[in-house]
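The values are calculated or read from the model by the stated rules, or taken from the named source; none is laboratory data. Just so it is clear, the model here is predicted, and its values are computed rather than measured. Here the Cβ is made from the backbone with ideal geometry for all residues, glycine too, and neighbour counts use every protein chain on show.
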Amino acid sequence: MTRTKVSSISFGISALVLLLLTACTRMGGGESNPSGAIAYGNESQQWPLIYLPTSVAPANGYPVYIWSHPNGGAADQPTADDAQVIREMTGAGYAVISWESLPTIHALGQFRTGQDDADLMWSWFRTNASSYNLNPNNVIIGGRSRGSGLSWKLAHSGDPAIKGIYMFNALPDAFWLHLDDWNPDTEVNPNSPPIQLVYGPTTGDGNEHRPENGESIRDEYIANGIGDRFIGLTEGIGNGYPYPDLLNFAQTYFD
């Protein structure tokens, strides 16, 4: 598909979210939760939260869903939707990492910082996974809006540890503004893993989270001879649950 250019963290979790998270173990935090801080780098925004199942870890560690939040969110402020993801995944024996970078990005330089943070987080994870009973070779990459863009290059890096990609409202229009500098389409390659995308808007809505951006990625999978790895594109869920097929996707593609 031919593309053209288109024109301090506070800590607080609602009682509902706390209830949804009682069945897993949470580790880590950032500046807002210094007593439990785990850092993947030296900058204040470089920290992850790790959610572990309460079940006994497999011999090679828990498979891991690594996720990054949208603009305006925070890794240590899960929404009710986020909490449902964590509850479902940890309940099935999978760990979840929610990692922080710049909480909101609006400029190319900030985006590049976020991409660099993704690489640094990945290196930290690979080095320290065994300390948390995580399997560094059994990972699905996720992200919502902002988080999808920050994770996109990593997700298509060809690392065999990355078994799949499952994202919501992936690659909004802002990530297509500087195609001469970075084009999400060109990250897709013959080694890209299976992918499933879900969108709130429908085609033609004109929303910045347009499913047409996901359709462009589908075209690239086909052009690279891996169309069978483009598992699906769901659109028009509105305010419904953003991750309806994540657990099934994980059960299919985790080793």
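For P184, the requirement of being of a type outside the set (G, A, S) and out of contact with any helix residue (DSSP H, G or I) (no Cβ under 8 Å at 6 or more places or on another chain) is not met.
Return a yes/no flag: does segment 79-88 have any residue that is at pLDDT 95 or above and part of a loop (DSSP other than H, G, I, E, B). No: zero hits.
Okay, residues lined up against (1) of a type outside the set (V, I, T); (2) assigned to a helix (DSSP H, G or I); (3) modelled with pLDDT under 95:
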site: H106; (1), (2), (3): yes, no, yes
site: F111; (1), (2), (3): yes, yes, no
site: Q115; (1), (2), (3): yes, yes, no
site: M121; (1), (2), (3): yes, yes, no
site: G142; (1), (2), (3): yes, no, no
site: L150; (1), (2), (3): yes, yes, no
site: P160; (1), (2), (3): yes, no, no
site: M167; (1), (2), (3): yes, no, no
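Tell me, yes or no, whether segment 24-46 has at least one residue that is farther than 28 Å from S123 by Cβ and modelled with pLDDT under 95. No; the residues of segment 24-46 include none that is farther than 28 Å from S123 by Cβ and modelled with pLDDT under 95. Those residues that are among the polar types (S, T, N, Q) and more than 14 Å from Q196 (Cα to Cα), I need them from segment 146-182; list them, please. Selection gives S151, S157. Looking at (1) modelled with pLDDT under 95; (2) buried (at least 19 other Cβ atoms within 10 Å of the Cβ), which is the one condition that is false for Y65? Of the numbered conditions (1) modelled with pLDDT under 95; (2) buried (at least 19 other Cβ atoms within 10 Å of the Cβ), the odd one out for Y65 is (1).
Exactly one residue out of G227, G238, G214 is within 17 Å of I141 (Cα to Cα) and small (G, A, S): that is G214. Of all residues in segment 88-140, which are among the aromatic types (F, W, Y) and either farther than 23 Å from D173 by Cβ or surrounded by fewer than 16 Cβ atoms within 10 Å (Cβ to Cβ) (or both)? Listed by number, the residues that qualify are Y94, W99, W122, W124, F125, Y132.
Within segment 187-208, the only residue that satisfies the criterion of being assigned to a loop (DSSP other than H, G, I, E, B), among the polar types (S, T, N, Q) and crowded, with 20+ Cβ neighbours inside 10 Å is S192. Determine, yes or no, whether I217 is part of a strand (DSSP E or B), more than 17 Å from Y65 (Cα to Cα) and of a type in the set (V, I, T). Considered against the rule, which asks whether it is part of a strand (DSSP E or B), more than 17 Å from Y65 (Cα to Cα) and of a type in the set (V, I, T), I217 comes out as no. Within segment 80-101, one or more residues are touching a strand residue (DSSP E or B) at 6+ places or on another chain (Cβ under 8 Å), of a type outside the set (K, R) and under 28 Å from T203 (Cβ atoms).
P211 - would you say it is crowded, with 16+ Cβ neighbours inside 10 Å, touching a Ser or Thr at 6+ places or on another chain (Cβ under 6 Å) and at pLDDT 95 or above? Against the criterion (crowded, with 16+ Cβ neighbours inside 10 Å, touching a Ser or Thr at 6+ places or on another chain (Cβ under 6 Å) and at pLDDT 95 or above), P211 qualifies.
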